[in-house]
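Working notes for the structure below.
The values are calculated or read from the model by the stated rules, or taken from the named source; none is laboratory data. What you see is a predicted model; the values in this text were computed from it and never measured. Note that each Cβ is placed from the backbone with ideal geometry, even for glycine, and that neighbours are counted across all protein chains shown.
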Amino acid sequence: MPDGSLKLRGRVRAVLGDNIDTDIIYPGRYLNITDREKTAEHLFELVYPEIRAGLQPGDVIVAGRNFGCGSSREQAAAALKFAGAGAVIAASFARIFFRNAINLGLAAVVSPEAAVVGHASACQPAARPAMLAAGDELEIDLVAGEIHDLTQDRIFPSAPLDPRAAELLAAGGLIPYLKRKYIDQRRNPCLDTV
Amino acid sequence: MTLAEKILARASGYDRVSPEQIVIARVDLAMSHENADLVRKSFLEIGVGRVWDPSKIVIIFDHRVPAESEKTATTHQAIREFVAAQGIEHFYDVGRGGICHQVLPENGHVRPGMLIVGTDSHTTTHGAFGAFATGIGATEMAGVWTEGTLWFKVPSTLRIEVEGELRPWISAKDLILHLIGRLGAAGADYRAVEFDGPAIRRMSVASRMVLTNLAMEMGAKVAFTPVDEILLDYLRPRVPEKLATIAPDADARYERVIRMDAGEDLAEPVIACPHSVDRVKPLSAVGEVPVHQAVLGSCTNGRLEDLEVAARVVAGRSIHPRTRLIVIPASQQVYREAMRLGYLETLVAAGAIINPPGCGPCVGVHQGILAAGETCVSSTNRNFVGRMGSKDSFVYLASPAVVAASAIAGKLAHPEAIVKEAEPCLTEV
Ligand code: SF4
């Protein structure tokens with residue numbers, strides 16, 4: 001979100017199940033890649049390589065509960081962002097992934113109403129499939145907490161972003177945020193009080 | 001207040017805090033491993049020049065030690081240069097430390113009441129020392145290196161009270177895997193967990209670390225075991241500073257209290273089956289599973305007591321021809337002690353190979369990677385698809401005793417089936 005907009009538009013690229021862990025999003029074997037842009041090449045590589053192949057800028061990934069569980073690896077969020085994903089909508093997120101996403105300027109949208117609920121895998125159907133379907137065009141208002149599915153013409157609620165996260169996303173992530181705070185305004189962090 | 005609330009209140013300058021409140025807290029310790037290189041890049045991008053406090057940053061190489069590739073060697077080199085340039089005081093290079101979560105407490109960096117962040121999800125381990133300790137990402141850590149502070153949402157707390165006594169061959173690993181199976185991989189998401197009760201208070205510090213380490217696999221933000229005499233005895237010789245004790249208030253509010261009996265609820269060892277940590281079954285329900293590789297190590301189970309029990313199981317026996325046993329002491333200190341006590345000799349005599357202290361194949365990047373179709377029984381903490389190598393390999397998580405027994409049997413096995421009761425115990429020297 002380079003423009004720092006808190007309203008997004010995008011198409012649903014894929015709908016996944018619960019507990020999509022960080023090894024699925026970004027395999028551990030590529031952890032020594034430290035160029036954020038290059039992480040995009042390995043997004044979902046082991047299990048869902050097809051997702052990346054057709055990913056258009058602004059596309060949205062939809063998943064179930066506990067998206068991004070597992071490791072603290074920031075590459076999982078970076079790979080999504082630099083592959084062009086505009087947002088991830090999930091029933092819930094693992095906390096480190098959620099923070100990593102916001103810090104890198106990738107919208108992480110919590111909406112059990114719109115996402116898959118229950119396991120969805122080859123051997124286990126979901127308790128309730130996602131309301132959003134691959135290919136749907138969405139308009140997401142992060143602050144109001146609304147996902148407008150233009151294709152189905154339905155609106156789903158999402159958790160409104162808390163002000164702290166909204167501030168970071170609007171700035172484009174933590175790095176530009178801190179840069180502005182300390183460099184552009186020439187302040188010394190050591191003199192700051194809590 | 002709960003332990004989590006007390007520590008966050010102190011660190012953010014409030015008398016009281018309550019769940020859902022957002023606070024900005026001062027960080028007492030900021031730990032990174034090789035991903036310090038990512039932190040370094042984000043930090044340089046921000047551009048403030050100097051880290052906020054070089055005495056509060058600890059950097060430990062553990063994921064790829066010694067460097068397995070030119071790429072890693074270059075990363076190590078860049079971090080070493082950064083450490084020197086910034087005057088970072090606590091740096092554990094190859095051969096000096098071991099796995100970050102073992103090195104921190106072993107070297108006296110962790111004290112009750114501290115607020116610790118680490119660029120590693122299993123930073124929750126340090127709750128075994130009464131610290132509020134949690135994992136963050138690399139860019140967020142660059143923010144900590146810049147400001148020395150971080151925002152937190154105060155978590156609600158889940159309290160788990162364990163009565164009774166663990167049966168023979170049942171360990172802290174079985175207890176926590178059992179709980180993860182019950183609560184699910186997201187069962188403690190965003191929450192703090194307090195483990196307490198007589199069964200916990202009898203545990204060694206090493207065993208308590210298994211609980212707080214694996215609490216991460218049910219989503220916990222932080223996890224604690226009690227600050228008591230057993231813990232203080234561990235800390236006293238290691239920590240120069242005065243030690244404070246800390247305990248939750250009697251009227252602390254919990255979101256949920258779970259009670260269990262270690263003896264009754266855990267009749268036999270449990271296994272987390274591929275490919276998720278919450279697919280937990282009693283060993284006898286898993287069926288016949290031939291094993292190609294057995295791994296004993298990691299920040300979960302690579303400590304002295306783990307090597308001791310494994311040595312006891314394999315003593316005087318040979319590892320099954322189809323199986324290889326990889327043993328990785330969690331740190332240099334563990335390595336030396338295990339050598340002195342003869343555990344390594346026993347393990348190697350049985351056919352094990354010893355890897356240098358570090359993460360080993362736990363995250364699939366170093367010495368001991370699995371091929372397609374291979375099955376591994378491992379004392380580590382994750383069994384995700386492709387975690388330890390090929391996406392077509394299978395990882396079963398188990399206790400050190402079960403890992404050792406399985407290496408002998410060549411298939412998942414109960415230690416009871418290997419060690420007959422009448423045999424003398426190796427540790428009775
Ligand atoms: S041993 Fe495994 S889980 Fe522990 S820090 Fe290393 S890679 Fe992570």
- Query: How do the strands (runs of 3 or more DSSP E) wholly within region B:232-302 filter down when requiring 2 or more residues that are more than 16 Å from the ligand (Cβ to nearest atom) and of a type in the set (K, R): which remain?
  - Reply: B:256-261
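Being within 16 Å of the ligand (Cβ to nearest atom), within 11 Å of chain A (Cβ to nearest Cβ), in a helix (DSSP H, G or I) and out of contact with any Gly (no Cβ under 7 Å at 6 or more places or on another chain): is that true of B:L44 here?
On the way: within 16 Å of the ligand (Cβ to nearest atom): no; within 11 Å of chain A (Cβ to nearest Cβ): yes; in a helix (DSSP H, G or I): yes; out of contact with any Gly (no Cβ under 7 Å at 6 or more places or on another chain): yes.
Here the answer is no, as B:L44 does not meet what is asked.
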- Message: Checking the condition over 24 Å from the mean Cα position of the chain (by Cα), farther than 25 Å from B:E106 by Cα, among the small types (G, A, S) and away from chain A (no Cβ under 14 Å), which residue from B:A85, B:A9, B:A73 passes?
- Response: B:A85
- Of everything in region B:350-376 that's more than 12 Å from chain A (Cβ to nearest Cβ) and under 18 Å from B:N213 (Cβ atoms), which residue is farthest from the ligand (Cβ to nearest atom)? B:P357
- Task: Hey, can you tell me all the residues within region B:52-65 that are within 10 Å of chain A (Cβ to nearest Cβ) and not basic (K, R)?
- Result: B:W52, B:D53, B:H63
- Query: Which condition number does B:N381 fail, the rest of (1) within 13 Å of the ligand (Cβ to nearest atom); (2) modelled with pLDDT under 95 being met?
  - Reply: (2)
- Task: Evaluate region B:64-75: report whether one residue or more is among the charged types (D, E, K, R), touching a Cys at 6+ places or on another chain (Cβ under 6 Å), within 16 Å of the ligand (Cβ to nearest atom) and modelled with pLDDT of 95 or more.
- Result: no
- Note on the structure: Scanning region B:327-359 for residues that are buried (at least 24 other Cβ atoms within 10 Å of the Cβ) and either over 22 Å from the mean Cα position of the chain (by Cα) or closer than 19 Å to B:A401 by Cβ (or both) gives B:V327, B:I328, B:P329, B:A330, B:V334, B:A338, B:Y343, B:L347
- Give the residues of region A:23-47 that are of a type in the set (F, W, Y) and part of a loop (DSSP other than H, G, I, E, B), sorted by residue number. A:Y26, A:F44
- Item | Yes/no for B:E68 being closer than 28 Å to B:A192 by Cα, within 10 Å of another protein chain (Cβ to nearest Cβ) and assigned to a loop (DSSP other than H, G, I, E, B) | no
- Task: Specify the residue that is surrounded by the fewest Cβ atoms within 10 Å (Cβ to Cβ); the eligible residues are those in region A:8-26 that are within 11 Å of chain B (Cβ to nearest Cβ), hydrophobic (A, V, I, L, M, F, W, C) and in contact with a strand residue (DSSP E or B) (Cβ under 9 Å, 6 or more places away or on another chain).
- Result: A:I20
- Query: What helices (runs of 4 or more DSSP H) completely inside region B:333-429 contain at least 2 residues that are closer than 29 Å to B:L104 by Cα and in contact with a Leu (Cβ under 6 Å, 6 or more places away or on another chain)?
  - Reply: B:400-409
- Item | Condition met for A:Y30 (within 14 Å of another protein chain (Cβ to nearest Cβ) and surrounded by fewer than 24 Cβ atoms within 10 Å (Cβ to Cβ)) | yes
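Please indicate, with yes or no, whether at least one residue in region A:151-158 is within 27 Å of B:G143 (Cβ to Cβ) and either within 12 Å of another protein chain (Cβ to nearest Cβ) or not basic (K, R) (or both).
yes
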- Message: Suppose we keep only residues that are among the polar types (S, T, N, Q) and under 21 Å from B:H63 (Cα atoms) within region A:33-56. Which one would you say is surrounded by the fewest Cβ atoms within 10 Å (Cβ to Cβ)?
- Response: A:T34
- Using the structure shown, decide if B:A405 is more than 16 Å from the ligand (Cβ to nearest atom), buried (at least 24 other Cβ atoms within 10 Å of the Cβ) and assigned by TED's automatic domain parsing to the domain that holds B:L296. yes
- Scope region B:305-327; condition within 16 Å of the ligand (Cβ to nearest atom) and in contact (Cβ under 8 Å) with a residue 40 or more places away in the chain; matching residues: B:D306, B:L307, B:I326
- Task: Mind listing whichever residues of region A:93-105 are part of a loop (DSSP other than H, G, I, E, B) and surrounded by fewer than 24 Cβ atoms within 10 Å (Cβ to Cβ)?
- Result: A:G105
- Residue identified as more than 15 Å from the ligand (Cβ to nearest atom), out of contact with any strand residue (DSSP E or B) (no Cβ under 7 Å at 6 or more places or on another chain), among the basic types (K, R) and under 25 Å from B:M1 (Cα atoms) among B:R111, B:R96, B:R80: B:R111
- Out of all the residues in region A:122-133, is one or more surrounded by fewer than 23 Cβ atoms within 10 Å (Cβ to Cβ), closer than 17 Å to A:D59 by Cβ and modelled with pLDDT under 95? yes
- Message: Are there strands (runs of 3 or more DSSP E) fully within region B:121-221 with at least 2 residues that are surrounded by 24 or more Cβ atoms within 10 Å (Cβ to Cβ)? List them.
- Response: B:132-135, B:157-163, B:192-196
